[in-house]
1. So which residues in the stretch B:20-44 are more than 44 Å from the chain's Cα centre (by Cα) and not in a loop (DSSP other than H, G, I, E, B)?
2. Checking the condition without any contact (Cβ under 8 Å) to a residue 40 or more places away in the chain, among the aromatic types (F, W, Y), more than 11 Å from DNA strand C (Cβ to nearest atom) and within 13 Å of chain A (Cβ to nearest Cβ), which residue from B:Y48, B:Y5, B:Y89, B:Y93 passes?
3. Taking only the stretch A:82-120 into account, find how many residues are at positive phi and touching a Leu at 6+ places or on another chain (Cβ under 7 Å).
4. Name, by its number, the condition in (1) open to solvent by 40 Å² or more (accessible area, probe 1.4 Å); (2) within 28 Å of A:L114 (Cβ to Cβ) that does not hold for B:I53.
5. Just checking, how many residues over the stretch B:51-80 are within 16 Å of DNA strand C (Cβ to nearest atom) and part of a loop (DSSP other than H, G, I, E, B)?
6. Taking the stretch A:100-117 as the search range and keeping residues that are open to solvent by 40 Å² or more (accessible area, probe 1.4 Å) and not charged (D, E, K, R), which one is farthest from A:L193 (Cα to Cα)?
7. Would you check which residues across the stretch B:121-135 are touching a strand residue (DSSP E or B) at 6+ places or on another chain (Cβ under 6 Å) and within 14 Å of chain A (Cβ to nearest Cβ) and list them?
8. Yes or no: the stretch B:97-104 includes at least one residue that is within 19 Å of A:L114 (Cβ to Cβ), more than 9 Å from chain A (Cβ to nearest Cβ) and of a type outside the set (K, R).
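The values are calculated or read from the model by the stated rules, or taken from the named source; none is laboratory data. Model, not experiment: these values are computed from the prediction. Here the Cβ positions follow ideal geometry from the backbone for every residue, glycine too, while neighbour counts run over all protein chains shown. With ligands, DNA and RNA removed, areas are computed over all heavy atoms of the protein, side chains included. Shrake-Rupley method; radii C 1.70, N 1.55, O 1.52, S 1.80 Å.
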Number of protein chains: 2
Amino acid sequence: MFQSYTIKDIAKALGLSTSTISRALSGSYKIGANTVKLVTEYAEKVNYRPNPIALSLKAHKSHSIGVVVCEVANNYFSQAINGIESVAYNSGYHVIITQTHESAAREQVNIEHLLSRHVDGLLVSLSAETTDVSFYQELKEKGLPIVFFDRIVPGIDTHKVYIDNFKAAFDATELLINNGFKKIAHITNSSNLLISRERLNGYLAALEKHQITFDQDYLVYCDHGGMLIHELETAIDELLALPNRPDALFTTNDRITTGCLPILKKRGIKVPDDMALAGFTNSDFAEWFAPSLTVVRQPAFEMGKLATEILIKSIESKRPIEEYTTHQFETELISRSSSASAIAF
Amino acid sequence: MFQSYTIKDIAKALGLSTSTISRALSGSYKIGANTVKLVTEYAEKVNYRPNPIALSLKAHKSHSIGVVVCEVANNYFSQAINGIESVAYNSGYHVIITQTHESAAREQVNIEHLLSRHVDGLLVSLSAETTDVSFYQELKEKGLPIVFFDRIVPGIDTHKVYIDNFKAAFDATELLINNGFKKIAHITNSSNLLISRERLNGYLAALEKHQITFDQDYLVYCDHGGMLIHELETAIDELLALPNRPDALFTTNDRITTGCLPILKKRGIKVPDDMALAGFTNSDFAEWFAPSLTVVRQPAFEMGKLATEILIKSIESKRPIEEYTTHQFETELISRSSSASAIAF
DNA sequence: TAAAATTGGGCAATCGTTCCCGAAGCTTTA
DNA sequence: TAAAGCTTCGGGAACGATTGCCCAATTTTA
């Protein structure tokens, strides 16, 4: 098997005790300059590397953090995970990623698993199905650091990293309105999620500002966030079947936005002539779609980074944290062809 | 801090020794049925979970595997990593991902880092710059299990997971030829990489089969795999400046393929009318590009899965492995608009 | 009825590291 | 000159779990 030198090997080779080696290497204690030199040089020579497992055992830390997201095959989350990994890697933490696939039951199982792996903290974006968050509250009270990101929980007082969903949705909807669309439908995620409700409110507020009366038929739910392709197809078909068919679509998340285009094409609907499209997505290719997509883009990478920085700081803080931070990032609204004016002004 | 019950806590609470608890829980030893019941029920009650760190320390295993890729922000690698994670997660392994950004020096540093983390094995896809692979040979000889995937090393006898690059490139090139293109350029990655050379050979063989003489000017190298946007722009501009400008492009990897379209558009080149395009990419959105892209698609997820399965089997095998497996996956050639016929037949 | 076998469970070493407590040997001070 | 202080280092107990070895009590066997 692959074995490396331990502190004990060095002690034996140099005729010193393990404590001396440890201290000489850490430089934390009064050890003779000669001994320090001897030890460090020998350690260098044999390529000594402290065993992180032993360190963890002593320090009562696993040096791993658990991540809960709905799925990684999602532009937003894959970018966020990138940010998470980058910070964790540089701070010497493992990242254990779990996917809920929008199921509350799987979320529970995942938390169980992460706990059994003795994670030092949790980075959580709720599943669409989750309504009972009491176990997060319990974990928090037991002292487990938790940072919610993107899909946060309003009820639990802990760190939160997300965006101004109301404003982002408001602006995107208003862009469609300003481009001449009046019959704007909204495909949203489960109303369990705060972000769905906030985005819906932004949409409604934009309609109201421009004196467009809200049509209940124009609001369609994909309770699994569009993860099930069938679900999104049904949603779109419902809208298309409406006697007063909408002329624009505002979509609430990554899966739904990128999923719409193929479905509309399959139905022979031209974008944006028959149906305009604007929505949340972090796809790097939105510009190269046919037509290019009007999107709300979140700083996913930065959000993942910040959430992880906060979590690690929280883990490594001596005293239990009393003050919780909430950070809202700015989003970017990028106007492209899919929301081009329906009418010539 | 977040603390959970240990075997010692249970022993104290039940007035038994830690060995009894351990054996009662593992069921491996002669322990009275009553005691077993008592212990298991108590453990259940307090939600006891064995500390994986302590287990690792005893077993001399970190339960982590190191991954070396050029970058994760690449459709192929992100999908492969997905496969890696899924297998590792289910087998109780951590995955530590490192990126070389095509630099040989960073690859060395990454290996150093992974070694210092005491990984149990390595999953490697070479950087474009790497030529000296002697340290992999040394690690292998020291007993560290290594699986190469995608960008394999021909010289080292260990497990390998990749595709039939020659055939995939041959077929893609032939598709362009069959569609009426005769002046086919090839943008390739560094010739350090075996996969670049194999794909180049496939391209050349297809030309030869159809009696098209190879023009050296039509072969352009992006030595950093198109990771530097400037590099790819230069490559394309060189081709466009040619007196006898090519009418089709065959591209060797994910970054280069998806990078071409925006650059060509910026130069006012129409695809496929002015320049056809076919190349390797695993983008899920290739179909929705304008124009839709003709691609060679690799089973990235499955490749990641298989590589990890082989690695973990290798790690957990009692005896050092003598037999090394080499697995070549089938690729998929998907014909779309970007390679549509230049001439009406 | 005494010896042997079986059953049930404890002791202590081990993994690699840190860190509290001494313990020498030397120098300084009163 | 002896006590006190400083420097430099070692012993050994943790951390949480496993496991070989041993021991006591009970049951079986001769």
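1. Of everything in the stretch B:20-44, those that are more than 44 Å from the chain's Cα centre (by Cα) and not in a loop (DSSP other than H, G, I, E, B) turn out to be B:T20, B:A33, B:N34, B:T35, B:V36, B:K37, B:L38, B:V39, B:E41, B:Y42.
2. Matching residue, one of B:Y48, B:Y5, B:Y89, B:Y93: B:Y89.
3. Total meeting the criteria: 0.
4. (1)
5. 5
6. A:S116
7. Result: B:G121, B:L122.
8. The answer is no; no qualifying residue exists.
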